[in-house]
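Colleague: Sharing a structure with you now.
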Amino acid sequence: MLKLSAGPADLGGLKTPALAILLEQVVGAPSLGALDAAIARSVGRVITNRDFRGTRDETLTILGADGGVERVLLVGMGKVTERRTALRRAASIAARRAHQNGYAGLAIFAGTVSADEVESIALGAIAGAWEFKDYQTPPPEDERRAPLNEVTVLGADAAGARDGIARGMAIGEGHTLARRLAMLPGNVCTPDYLADTARDIAKRHGMSVTVLGRAEMEREGMGSFLSVAQGTPQEPRLIVLEYRKGGNKPVIALVGKGLCFDSGGISIKPAQGMEWMKFDMCGAAGVLGAMEAIAALQLPVNVVGLVGSTTNMPSGTAVKPGDVVRASNGKTIEIINTDAEGRLVLADVLAYAKRFSPAVVLDAATLTGACIIALGHGATGVMGTDETVVQEVVEAGKLAAEPGWPLPLWDDYKELIKSDIADVKNSGGRPAGTITAALFLKEFVDGYPWVHLDIAGTAYSETDLGPLPAGPTGVPVGTFVEFVRGRAG
């Protein structure tokens, strides 16, 4: 884990391999006093000469002085409307550049910063410094670059610095866990691997954990979940992780889809790009990452994390289009498309969540390609049974720099998932595909407010995002954590 600390903004006496200065889009040069004097007023000159303009994600490196600030990295934040979001993004870019260039240490300066802003900078630095090299042979010793292992945030008072760093590290651990789980290949990150990860979290943080397998789910009557699992010899897992630090407060339930690989089943996906379907467990990774962060923050709440995990494979025993299965709440489902499998898993998990008498249930799933068509990769689709809670989730996502956008759950759309032979069918076709998938899930929600997050477009990226490389983003860890923090008061 990256070592994080905070200190005063003594730029003139600073000694560091690199100093990142995070700047809004500027007209005149900022006052950097002793630092700028020490490097022959280079920062002021490049800004005055418009060599650096502070546009979003713009970077410029200036050589500093031996024995002091050896390099100055200017990072643009553009025209800032949400300062915490802008700081986080710029800090991620700074840490990523420092890591790529082999700078072992990095200081980050953005003027005077509050505890919340220190937290945002810390989260950005953790995200930018992260990489996944588990399965790559290291280069020869003389070709290796030093990893970025220490970041200092400048410009906060002592109390604010300690608080912001501690919170940033706690949430950063959750993001890092979620990204690592998502990045693991499907032959490693199996349902059993997720269950073992939950056991590890429980052991380290004093939680309780329950893991159900195929036999236990059969006794619970989870025919919807098990229909997806019947095509694979791997044991499916329903994982329940309980954090109980809220006394008599009601439970907040977080639910995640954990398809460790999704081939589409009999309704098989196209071969091109199928390798990305190892990311179909990002909802589950988000739940586990959030539980890690919530425990590290020691929030005074009761949170239950539920993960439904299996793989969706074509085989002689796989569920077929046209089959009818029965979920644990008694409802029958006509299988129209076996690639609409995540909702079948979540149906039984959402029904199972009722036994905890939750005050609210949030689920996250890489559920529909239709959400990417509707919202692209910039926003998570947000739908639910309670408009007040939907807005609460959207606000949590905004704080976490994980934007969400509400979509309607109007009853008119239910016509698309009516079945001629069962209570409901698992696919309404292409029109309003994200909405009909959520309406399907709603059939298994009973007795509690519920919000569904479709993270198909935001949980991972197939292209480099600038602050983050291609791969998992950590969504929805931040949204979950901010929602629970808000409920904790």
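Colleague: Only one of Arg162, Arg167 is touching a residue at least 24 places away in the same chain (Cβ under 8 Å), under 20 Å from the mean Cα position of the chain (by Cα) and open to solvent by 10 Å² or more (accessible area, probe 1.4 Å). Can you tell me which?
Modeller: Arg167
Colleague: With the structure loaded, tell me whether Thr366 is closer than 24 Å to Pro449 by Cβ, in contact (Cβ under 8 Å) with a residue 24 or more places away in the chain and not aliphatic (A, V, I, L, M) or whether it fails that test.
Modeller: yes
Colleague: Check whether at least one residue in the stretch 298-308 is in a helix (DSSP H, G or I), touching a Pro at 6+ places or on another chain (Cβ under 8 Å) and under 26 Å from Met207 (Cβ atoms), and report yes or no.
Modeller: No; the residues of the stretch 298-308 include none that is in a helix (DSSP H, G or I), touching a Pro at 6+ places or on another chain (Cβ under 8 Å) and under 26 Å from Met207 (Cβ atoms).
Colleague: Can I ask one more? Being touching a residue at least 60 places away in the same chain (Cβ under 8 Å) and either surrounded by 23 or more Cβ atoms within 10 Å (Cβ to Cβ) or farther than 26 Å from Pro476 by Cα (or both), is that true of even one residue in the stretch 140-148?
Modeller: yes
Colleague: With respect to Asp464, determine if the residue is outside any helix (DSSP H, G or I) and farther than 25 Å from Thr338 by Cα. Let's see the steps before the verdict.
Modeller: Values: outside any helix (DSSP H, G or I): yes; farther than 25 Å from Thr338 by Cα: yes.
Considered against the rule, which asks whether it is outside any helix (DSSP H, G or I) and farther than 25 Å from Thr338 by Cα, Asp464 comes out as yes.
Colleague: Determine, yes or no, whether Arg56 is basic (Lys, Arg), at pLDDT below 85 and open to solvent by 80 Å² or more (accessible area, probe 1.4 Å).
Modeller: no
Colleague: Since Leu409 meets every condition but one in (1) open to solvent by 40 Å² or more (accessible area, probe 1.4 Å); (2) in a loop (DSSP other than H, G, I, E, B); (3) hydrophobic (A, V, I, L, M, F, W, C), which condition does it not meet?
Modeller: (1)
Colleague: Taking the criterion of being farther than 18 Å from Leu254 by Cα and of a type outside the set (A, V, I, L, M, F, W, C), would at least one residue in the stretch 363-375 satisfy it?
Modeller: Looking through the stretch 363-375, at least one residue is farther than 18 Å from Leu254 by Cα and of a type outside the set (A, V, I, L, M, F, W, C).
Colleague: Here is a further query. In this structure, is Leu32 modelled with pLDDT under 80 and either closer than 21 Å to Ala65 by Cα or surrounded by 21 or more Cβ atoms within 10 Å (Cβ to Cβ) (or both)?
Modeller: Criteria met by Leu32.
Each row is one residue, and each column tells you yes or no for (1) part of a strand (DSSP E or B); (2) in contact (Cβ under 8 Å) with a residue 24 or more places away in the chain; (3) within 20 Å of Val361 (Cα to Cα); (4) open to solvent by 10 Å² or more (accessible area, probe 1.4 Å).
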site	(1), (2), (3), (4)
Val228	no, yes, no, no
Glu235	no, yes, no, yes
Tyr243	yes, yes, yes, no
Asn248	no, no, yes, yes
Lys257	yes, yes, yes, no
Gly265	no, yes, no, no
Trp276	no, yes, no, yes
Phe279	no, yes, no, no
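Colleague: Can you pull out every residue in the stretch 377-398 that is farther than 12 Å from Pro476 by Cα and open to solvent by 20 Å² or more (accessible area, probe 1.4 Å)?
Modeller: The answer is His377, Gly378, Thr385, Asp386, Glu387, Thr388, Gln391, Glu392, Glu395.
Colleague: Further question: Out of (1) part of a helix (DSSP H, G or I); (2) open to solvent by 40 Å² or more (accessible area, probe 1.4 Å); (3) farther than 15 Å from Ala202 by Cα, what's the single condition that is false for Pro314?
Modeller: Among (1) part of a helix (DSSP H, G or I); (2) open to solvent by 40 Å² or more (accessible area, probe 1.4 Å); (3) farther than 15 Å from Ala202 by Cα, the lone unmet condition for Pro314 is (1).
Colleague: Just give me the residues in the stretch 430-466 being without any contact (Cβ under 8 Å) to a residue 40 or more places away in the chain and open to solvent by less than 50 Å² (accessible area, probe 1.4 Å), in sequence order.
Modeller: Those that are without any contact (Cβ under 8 Å) to a residue 40 or more places away in the chain and open to solvent by less than 50 Å² (accessible area, probe 1.4 Å): Thr436, Leu439.
Colleague: Do we find a residue being assigned to a helix (DSSP H, G or I), open to solvent by 50 Å² or more (accessible area, probe 1.4 Å) and hydroxyl-bearing (Ser, Thr, Tyr) anywhere in the stretch 356-363?
Modeller: no
Colleague: Condition test on Ala396, is it assigned to a helix (DSSP H, G or I) and in contact with an Asp or Glu (Cβ under 6 Å, 6 or more places away or on another chain)? Working first, answer last.
Modeller: Details: assigned to a helix (DSSP H, G or I): yes; in contact with an Asp or Glu (Cβ under 6 Å, 6 or more places away or on another chain): yes.
Against the criterion (assigned to a helix (DSSP H, G or I) and in contact with an Asp or Glu (Cβ under 6 Å, 6 or more places away or on another chain)), Ala396 qualifies.
Colleague: Against the definition (open to solvent by 10 Å² or more (accessible area, probe 1.4 Å) and either within 19 Å of the chain's Cα centre (by Cα) or under 23 Å from Ser227 (Cα atoms) (or both)), how does Met291 come out, yes or no?
Modeller: Considered against the rule, which asks whether it is open to solvent by 10 Å² or more (accessible area, probe 1.4 Å) and either within 19 Å of the chain's Cα centre (by Cα) or under 23 Å from Ser227 (Cα atoms) (or both), Met291 comes out as no.
Colleague: Which of the residues that make up the stretch 81-114 are open to solvent by 10 Å² or more (accessible area, probe 1.4 Å), of a type in the set (Gly, Ala, Ser) and in a helix (DSSP H, G or I)?
Modeller: Ala86, the sole residue that qualifies.
Colleague: Which one is least open to solvent (accessible area, probe 1.4 Å) among residues in the stretch 323-338 that are assigned to a loop (DSSP other than H, G, I, E, B), closer than 19 Å to Ile266 by Cβ and not hydroxyl-bearing (Ser, Thr, Tyr)?
Modeller: Looking at the filtered set, the residue picked out is Ile335.
Colleague: Now for a different question. Take Ala285 and tell me if it is open to solvent by less than 10 Å² (accessible area, probe 1.4 Å) and closer than 25 Å to Pro449 by Cα.
Modeller: Yes, satisfied.
Colleague: Still on this structure, please answer the following. So is Leu439 touching a Ser or Thr at 6+ places or on another chain (Cβ under 8 Å), part of a helix (DSSP H, G or I) and of a type in the set (A, V, I, L, M) or not?
Modeller: No; evaluated as a whole, the condition is false for this residue.
Colleague: Report every pair of residues separated by at least 6 positions or lying on different chains whose Cβ atoms are under 8 Å apart, first residue within the stretch 1-18 and touching a residue at least 12 places away in the same chain (Cβ under 8 Å) and over 18 Å from Tyr103 (Cβ atoms), second polar (S, T, N, Q) and part of a loop (DSSP other than H, G, I, E, B).
Modeller: Ala9/Thr112
Colleague: Considering only residues that are assigned to a loop (DSSP other than H, G, I, E, B) and at pLDDT 90 or above, look in the stretch 1-23 and name the one that is most open to solvent (accessible area, probe 1.4 Å).
Modeller: Lys15
The values are calculated or read from the model by the stated rules, or taken from the named source; none is laboratory data. Worth saying up front: this structure is predicted, and the values here are computed from it rather than measured. Here Cβ is always computed from backbone atoms with ideal geometry, including for glycine, and neighbour counts include all displayed protein chains. SASA here: full protein model, heavy atoms, side chains in, ligands and nucleic acids out. Shrake-Rupley method; radii C 1.70, N 1.55, O 1.52, S 1.80 Å.
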